[in-house]
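Since the structure comes first, as structure tokens, the remarks are kept for the end.
Read the figures in this text as sums done on the coordinates, not as results from a lab. What you see is a predicted model, and the numbers here were worked out from it, not measured in a lab. Virtual Cβ from ideal backbone geometry, glycine too; neighbours counted across all protein chains shown.
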Amino acid sequence: MCCYEKKTKVVLEALKERETIQQIASKYELHPNQITTWKRQFMENTDQAFSDDKSATELKKAESERDELYKQIGQMKVENGWLKKKLS
């Protein structure tokens with residue numbers, strides 16, 4: 001289970017209030033304050049739950065473009081080095 005999955009699971013259990021924060025903390029070997037912090041962060045960002053995935057899609061597109069640009073920069077550096085060797 002990765003970090004965000006664990007956080008989500010813990011927060012959802014805390015929101016259900018079937019167990020105390022103390023019990024959940026003990027169950028997942030966390031400090032109760034950590035669960036309270038995650039729960040607060042979750043509640044502060046609930047507006048993102050039902051928003052369209054446009055921002056996530058845009059982020060993935062931007063990351064893809066960035067990776068392509070880094071690839072092109074690397075290729076140009078190699079070509080530049082090769083040209084410098086040929087000219088000297």
Rank these for me by crowding, Glu29, Glu13, Glu63, going from fewest to most other beta carbons within 10 Å. Glu29, Glu63, Glu13
Computed, not fitted: 222 nm per-residue ellipticity of the chain from DSSP H runs ≥ 4 (each -39500 (n - 2.57)), nearest 500, equal to -26500 deg cm²/dmol
For a 24 Å ceiling on Cα separation, which of these pairs sit above it: Lys16/Lys60; Lys39/Lys61; Lys6/Lys27? Lys16/Lys60; Lys39/Lys61
At least 15 Å along the helix axis (C-alpha) and Kyte average at least -1.0, DSSP helices within the chain: 3-16
Exposure proxy ranking, count of Cβ atoms within 10 Å, fewest first, for Ile21, Ile73: Ile73, Ile21
List the aspartates and glutamates whose Cα sits under 20 Å from the Cα of Lys7, skipping any in the same chain fewer than 8 residues away. Glu17, Glu19, Glu29, Glu44, Asp47
Counting Lys and Arg as +1 and Asp and Glu as -1, each charge on the Cβ, what is the dipole of the chain about the Cα centre in debye, to the nearest 20? 540
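Please report Leu12, Leu87 as a ranked list, fewest other C-beta atoms within 10 angstrom at the top and most at the bottom.
The most exposed by this proxy come first: Leu87, Leu12.
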